[in-house]
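Reading through the structure tokens given below for one structure.
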Amino acid sequence: MSRTRSAAPPSRRRTALLAACTLMAATGATATALTAQAGAAAPGCRVDYQITNQWSTGFGANVTVTNTGDPVSAWTLEWTYAGNQRIGQAWNATATQSGAAVTARNAPYNGSLATGGSTSFGFNASYSGTNAVPTTFKLNGVTCNGVPDPGPGPTDPPPPTGSRVDNPYAGAKVYVNPEWSAKAAAEPGGSRISNQPTGVWLDRIAAINGVNGGMGLRAHLDEALRQKGTGELAIQLVIYNLPGRDCAALASNGELGPTEIDKYRTQYIDPIATILADPKYAGLRIVTTVEIDSLPNLVTNVSPRATATPNCDVMKANGNYIKGVGYALNKLGAIGNVYNYVDAGHHGWLGWDDNFGPSAELFKQAATSEGSTVSKVHGFIVNTANYSVLKEDHFKIEDSVNGVSVRQSKWVDWNRYTDELSYAQAMRAKLVSLGFDQNLGMLIDTSRNGWGGTARPAGPGATTNVDTYVNGGRYDRRIHLGNWCNQAGAGLGERPKAAPAAGIDAYVWMKPPGESDGSSSQIPNDEGKGFDRMCDPTYTGNARNGNSMSGALPNSPVAGHWFSAQFQELMKNAHPAL
């Protein structure tokens with residue numbers, strides 16, 4: 001899809017004509033644009049210096065250099081600190097410091113920058129007192145400096161407002177979270193994927209304003225505006241803080257108790273809606289993934305089922321999952337540039353006949369509660385933060401071996417679906433039949449379902465019996481479809497992509513690769529997250545995973561915290577390979 005660039009307002013054109021380079025310096029939500037003096041020599045540059053994490057004695061930063069002048073085969077970036085900052089470990093560049101002056105030089109693999117080309121590097125540093133952002137940079141000896149751009153003047157028109165579209169991912173860039181990007185880039189080999197878009201998780205009230213000095217919602221939206229430029233951009237938010245959250249899994253329990261629905265409305269959803277409705281952000285396509293791992297529990301994990309838990313029985317009885325999701329859809333869906341996608345589990349959870357239809361009915365019940373309507377649901381998302389494979393190539397649900405259906409194999413166990421693509425398309429058809437929009441879109445989280453590496457089968461299994469056929473050919477190498485926590489052997493899946501298949505709006509990385517699903521042992525924390533034995537590699541299972549081993553990696557941190565060992569395994573087993 002081609003896009004045309006609109007002309008700058010008159011007061012901007014003069015500045016643009018003078019600019020040999022532009023500097024963007026940002027800390028959280030604060031950004032200052034500087035333009036070079038007329039007559040500056042090529043190469044020109046644009047620099048984004050982003051403090052990604054800060055604590056009392058140190059900070060992490062990510063620097064993106066964009067060459068706006070002639071092509072270069074090597075680059076050196078220089079700046080001087082106003083305080084006592086001292087750079088330590090750096091990645092994707094060699095950084096040296098003399099006094100307050102810093103020199104960063106390209107790594108062997110990222111020195112070549114074409115006109116318009118960019119590269120990123122990061123570092124950790126120490127400081128005391130204040131930590132001011134540098135205001136002047138030099139690229140290969142050419143200074144990028146000038147006076148701050150004052151922002152829109154009194155005669156400038158307001159920023160453009162995007163029109164609503166059928167697929168918010170089509171023809172749009174997708175927001176790269178600089179906090180996740182810096183963590184990924186800090187890992188050996190992580191720069192290969194650190195520019196991929198991932199979801200921004202608002203998993204507690206404090207996340208709205210930022211936790212431990214990190215970016216809050218406004219900071220992310222402001223950064224999204226910067227990344228957007230003159231084109232279209234979608235930013236992905238995970239709305240995840242229901243009362244009694246994740247009633248069947250302790251690892252991702254939340255801060256709100258089962259009865260705190262009013263607090264959810266007034267202290268969580270309402271503030272988010274207020275920020276998203278700010279006209280400043282009207283030109284963004286805001287994708288909201290609404291309350292993963294909630295509604296399906298009211299079908300599969302309540303009495304009289306063998307998999308029932310007391311917590312899920314409580315949430316079904318008080319109705320606060322239904323009320324919370326309905327309220328969120330109603331408030332957020334009233335904002336013209338917000339696209340709500342509701343969680344619809346995954347095929348290994350809801351693919352059986354007695355789960356599939358009742359879950360779809362429940363989704364409609366939630367979508368029409370608390371003043372919401374089905375029109376406020378743009379689509380659904382499947383496989384969020386899970387590992388179910390996108391497409392099994394070596395066996396189909398219609399196959400049989402020696403007259404025995406694949407559905408009778410121990411792995412499939414009478415499920416109607418073998419993978420997420422077939423499940424997503426079938427769930428979409430079912431939801432449309434229940435009254436959802438004919439143009440309903442589906443998202444599939446492919447962040448950790450690649451299952452590549454040396455264990456990936458190259459062809460079908462032996463036809464000795466139905467189990468050897470399925471087990472020998474399946475890409476999904478989990479011990480059981482019910483295993484969900486930090487799975488050993490998993491790999492990055494398909495890279496984020498718009499409109500990849502019929503009925504699918506996008507493949508997405510809603511779960512940021514490298515963030516833990518839960519701790520492998522009890523770890524005290526102030527986030528309301530418990531310890532679930534499904535994250536313990538020594539656990540021998542329960543009814544929900546067929547009393548199988550958990551398949552979890554050892555030494556994992558609390559849910560949402562960085563898990564370097566898992567990140568490395570995901571890259572090693574990526575499919576398509578990195």
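The values are calculated or read from the model by the stated rules, or taken from the named source; none is laboratory data. If you're wondering where the values come from, they're calculated on a predicted model, not measured in any experiment. So basically every Cβ, Gly included, is an ideal-geometry build from the backbone, and we count neighbours across all protein chains shown. Side chains included, ligands, DNA and RNA excluded: accessible areas come from the protein's heavy atoms. Shrake-Rupley method; radii C 1.70, N 1.55, O 1.52, S 1.80 Å.
Leaving ligands, DNA and RNA out of it, rank TYR109, TYR81 by accessible area with a 1.4 Å probe, largest first.
Largest accessible area first, the list is TYR109, TYR81.
Please compute, over every Cα-Cα pair in the stretch 460-578, the percentage with a separation greater than 24 angstrom.
The share of Cα pairs beyond 24 Å in the stretch 460-578 comes to 38 percent.
Against the longest alpha carbon principal axis of the chain, how many degrees, from 0 to 90 and to the nearest 10, is the axis of helix 353-367 turned?
Around 50 degrees separate the two axes.
At q = 0.18 Å⁻¹, what log₁₀ I(q)/I(0) does the stretch 265-396 have when each alpha carbon counts as one equal point scatterer in the Debye sum?
-1.01
Suppose each label sits 7 Å from its Cα in the direction of the beta carbon; what would the ASN547-LYS572 distance come out to in nanometres?
Simple spin-label model gives 3.3 nm for this pair.
Could you tell me how far the Cα centroid of the stretch 344-393 sits from the Cα centroid of the stretch 71-119, in Å?
47 Å
Starting from the Cα-Cα distance between ASN209 and GLN522, subtract it from 0.36 nm times their residue separation and give me the gain in nm to one decimal.
Working: separation 313, 0.36 × 313 = 112.68 nm, distance 2.79 nm.
Length gained, ASN209 through GLN522: 109.9 nm.
So what's the convex hull volume per residue for the Cα atoms of the stretch 373-452, in Å³?
Hull volume normalised by residue count: 117 Å³.
Using the crude model of +1 on Lys and Arg Cβ and -1 on Asp and Glu Cβ, and no other charge, please compute the dipole size for the chain relative to its Cα centre, in debye to 20.
Using Cβ point charges on Lys, Arg, Asp and Glu, the chain gives about 1060 debye.
In Å², and per residue, what accessible area does the chain have when probed at 1.4 Å with the other protein chains present?
40 Å²
Considering only protein heavy atoms and a probe of 1.4 Å, how much of the accessible area of the stretch 222-320 is carbon and sulfur, as a whole percent?
So the carbon and sulfur contribution to the accessible surface is 55 percent.
So how exposed is ASP467, as accessible area in Å² (1.4 Å probe, rounded to 10)?
So the heavy atoms of ASP467 present about 60 Å² to solvent.
Rounded, prolate or oblate, given the Cα gyration tensor of the stretch 188-233, with a/c below 1.5 counting as rounded?
Since a/c reaches 1.5 but b/c is at least a/b, the shape of the stretch 188-233 is classed as oblate.
What lysines sit close enough to LYS323 to cross-link, taking a C-alpha to C-alpha distance under 18 Å and skipping anything fewer than 8 places away on the same chain?
LYS263, LYS331, LYS364, LYS376
Run the reach check for LYS173 against aspartates and glutamates, Cα to Cα strictly under 16 Å, same-chain hits fewer than 8 apart removed. What comes back?
Filter leaves ASP222, GLU223, GLU232, ASP505.
Could you sort the peptides 469-477, 346-354 by per-residue average Cβ neighbour count (10 Å cutoff), highest mean leading?
Top of the packing list down: 346-354, 469-477.
So how exposed is VAL200, as accessible area in Å² (1.4 Å probe, rounded to 10)?
Only protein atoms counted, so the area is about 10 Å².
Can you give the calculated 222 nm mean residue ellipticity of the chain, where each DSSP H run of n ≥ 4 adds -39,500 (n - 2.57) and the sum is split over every residue, rounded to the nearest 500 deg cm²/dmol?
-5500 deg cm²/dmol
Under a point spin-label approximation (7 Å from Cα along Cα-to-Cβ), what is the THR259-THR230 distance to one decimal in nm?
Taking the simple label geometry, THR259 and THR230 are separated by 5.8 nm.
Counting only protein chains, not ligands or nucleic acids, how are ARG428, ARG46, ARG105 ordered by accessible area (probe 1.4 Å), most first?
Result, largest first: ARG105, ARG46, ARG428.
Can you pull the Rg over Rh of the stretch 168-262, Cα-only, Kirkwood?
Working: Rg = 15.7 Å, Rh = 15.1 Å.
Using Cα coordinates only, the ratio equals 1.04.
Would you list, by chain and number, the aspartates and glutamates whose Cα falls below 16 Å from the Cα of LYS183, excluding same-chain residues fewer than 8 positions away?
Partners found: GLU515, GLU569.
Give the accessible area for MET427 in Å² (nearest 10); use a 1.4 Å probe, count only protein heavy atoms, and leave out ligands, DNA and RNA.
0 Å²
So what are the three principal axis dimensions of the chain from its Cα atoms, in whole Å, longest to shortest?
Answer, in whole Å and largest first: 78, 51, 48 Å.
Between the helical axis of 217-228 and the dominant principal axis of the chain, each derived from Cα atoms, what acute angle in degrees is found, rounded to the nearest 10?
70 degrees
Sticking to Cα atoms, compute the Rg of the stretch 370-513 to one decimal and its Dmax as the biggest Cα-Cα distance, whole number, in Å.
Taking only Cα atoms of the stretch 370-513, I get Rg and Dmax of 16.4, 56 Å.
Please give the FRET efficiency for TRP562 paired with ILE479, using the beta carbon to beta carbon distance and R0 = 25 Å, rounded to the nearest 0.05.
0.50
Quickly work out the SER400-to-TRP55 label distance, labels modelled 7 Å from Cα along the C-beta direction, and quote it in nm with one decimal.
6.2 nm
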